[in-house]
Amino acid sequence: MPKVTPHQLNLMTDGTVELYQELEMTIFQLIAKRLKNQSDGNINIAEWQLDKMQQLHLLNADVIRELSEISGKASQEIERIIKTAGYAIVDDTDNYFEEPKPYPSNLDLIIEGYKNQTFRDVNNFVNETLISTNYGTGTISNIFTDIVNKTALLYSSGLLTLDKAIQKTINEWVDKGIRSSFVDKGGHTWSMERYVATVLRSTMQRIYNEVRTARMAEYDCHTVLVTSLPQARIACAHCQGQVIDVRSPEQADSGYPSAYLFGYGTPGGHRGVNCRHKWIPFIPGVSTNNQPQYDPDRAIENGKIEQGRKALAGRIRNTKKKLMVAESLGADNIDKYRQQLDRQRAQMRDLVKENGLHRIYRLEKVYTPKQSVLDGGYQAVLTKAEKKRASEQYDRYRSILGDKAPKSLDDYINLKYNSDKEYNLLKHDARIVKYFKGKIDEDLSEYQKKQAVKAYFNFKKDGILFGDHGIARYVQSMRRGNGAFKYNYSTVVDLFNQIPLYTSTRDGKIRDVRFNKNVIIYSEQGTKEVVSMILRSSKKKEKDVPHKDWTVIKNDSDR
């Protein structure tokens, strides 16, 4: 079974969150179309105000229709992701123990309870308050009324034209977001998007915590190894890469600190909302701690950089929303928002480059359209410039990858905007193929270059990902004196079935090391991504390992 991480569970919620992001933007577009000024002459603002308020029931009807579709899809999606998560977490936990036990008899009840509570929260605080059964008191009615009244006031004051006043007041609500009815302890009303995202992600984290710890307890295991990340919140920075006890301080008798000492059980603490740290079941004296050790202060600082990235991504999303409003209104300042978007994207590129990060386009998108992207649904959310750029990018990928590229432009756009992992793999594929089409560092013939590309894609099917130099070294290692080439899959596959005993700090980066009598493989830590493959020298007769830059991964019994 594939490993389950908290980050993967968060990604599972994206589909439902995006449904409500989409609903919010659809509502703003509906409002813009209702208020769009069709007159070129003088405006009687009182008549305009009365006319627009008489259209409120039509807007409500439009929103009810959209909400009905969204809430139905959301209900199905919530049920699917919670059920999938529950069973996947049990399976993943069982992978760490011999002789897996039967599924817990109460698992379905736990899943059903979380599903019902989650949808009840979303329904009560979002769905039911958008359109009240009492005419004129729902959230949408209040927003529309506020926009109409403020627009009339701005126009009457002579400060703005009607078009500018409409756009300004709608944009003020874009900044606020459509409100849920949830009010936190500080008296702040949460936006619909924030509330849905928080409820879903906190639910998935609670499922992970409850199901994981309960299943471990069945194996009489109460200690976990916390995975390490380069960036971490304050609560996690001091426990990541360490072994902790998941029980309360009063019950924890393993000799390891309790998870509760790091804020476990609170939204902002360890394993709280949006925490990406995984718990690996840890058996003292048997399991090994092979997690990289990061300086807590540096990890916290990296976490702040990540928060800065998310804040900038939020500003990009906000500008995209205002661009869509401007387009819906037919405003004359559309270029202003396009230029602002270009500047913000440039800032994001600089931030990513300066801090050695990868661009995460998912954070910057506004919403995913209801229609399948195969039906051309992306047309509703991409600007003309984005569509043109995507088409040019797709043509480049096709010229490089041929039949390995996405089958159509729609498939490519779906990949780019909806699947970061698959999109990054596509870019990696192109980098590999492009490398072997040019002059390379390794001594390979044109035929052997083609063999290297073929080997890369074959290993990729088995979940083993080579870099360009890695696959080139592999071909060098496996070629014979007569020019023939032997794949010898078992050499690589068998090595990756082994737990790495060493890490290497060559080039200043920590990497896993695996080797047998013939080859040494360096891979990115904790993954099957091959960095380099080196043929061992028969002349050195086992004296070539371990290298000076290798560090033994210590067993817990060596502590």
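The values are calculated or read from the model by the stated rules, or taken from the named source; none is laboratory data. The structure displayed is predicted, hence computed values, not measured ones. Here the Cβ is made from the backbone with ideal geometry for all residues, glycine too, and neighbour counts use every protein chain on show.
Might you let me know whether region 478-488 holds any residue that is of a type outside the set (Gly, Ala, Ser) and modelled with pLDDT of 75 or more?
No, region 478-488 contains no residue that is of a type outside the set (Gly, Ala, Ser) and modelled with pLDDT of 75 or more.
Kindly list, by first and then second residue, each pair from a residue in region 453-475 that is assigned by TED's automatic domain parsing to the domain that holds ARG536 and of a type in the set (A, V, I, L, M) to a residue that is surrounded by fewer than 23 Cβ atoms within 10 Å (Cβ to Cβ) and in a strand (DSSP E or B), limited to pairs with Cβ atoms under 8 Å and residues at least 6 apart or on different chains.
Here the result reads LEU465/GLU529; VAL475/PHE485, each pair linking region 453-475 to a residue that is surrounded by fewer than 23 Cβ atoms within 10 Å (Cβ to Cβ) and in a strand (DSSP E or B).
Given (1) modelled with pLDDT of 85 or more; (2) closer than 22 Å to GLN293 by Cα; (3) basic (Lys, Arg), where does LYS528 come up short, assuming only one miss?
Result: LYS528 passes all but (1).
Would you mind stating whether GLU47 is touching a residue at least 60 places away in the same chain (Cβ under 8 Å) and not assigned by TED's automatic domain parsing to the domain that holds ASP462?
Working: touching a residue at least 60 places away in the same chain (Cβ under 8 Å): no; not assigned by TED's automatic domain parsing to the domain that holds ASP462: yes.
Against the criterion (touching a residue at least 60 places away in the same chain (Cβ under 8 Å) and not assigned by TED's automatic domain parsing to the domain that holds ASP462), GLU47 does not qualify.
When residues of region 234-250 are filtered for being out of contact with any strand residue (DSSP E or B) (no Cβ under 7 Å at 6 or more places or on another chain) and either in contact (Cβ under 8 Å) with a residue 24 or more places away in the chain or part of a helix (DSSP H, G or I) (or both), how many remain?
5
Looking at (1) touching a strand residue (DSSP E or B) at 6+ places or on another chain (Cβ under 7 Å); (2) in contact (Cβ under 8 Å) with a residue 60 or more places away in the chain; (3) not in a loop (DSSP other than H, G, I, E, B), which is the only condition SER202 fails?
Failed condition: (1).
Does region 276-332 hold any residues that are surrounded by 14 or more Cβ atoms within 10 Å (Cβ to Cβ) and polar (S, T, N, Q), and which are they?
Across region 276-332, the qualifying residues are SER287, THR288, ASN289, ASN290, GLN291, ASN302, ASN318, THR319, SER328.
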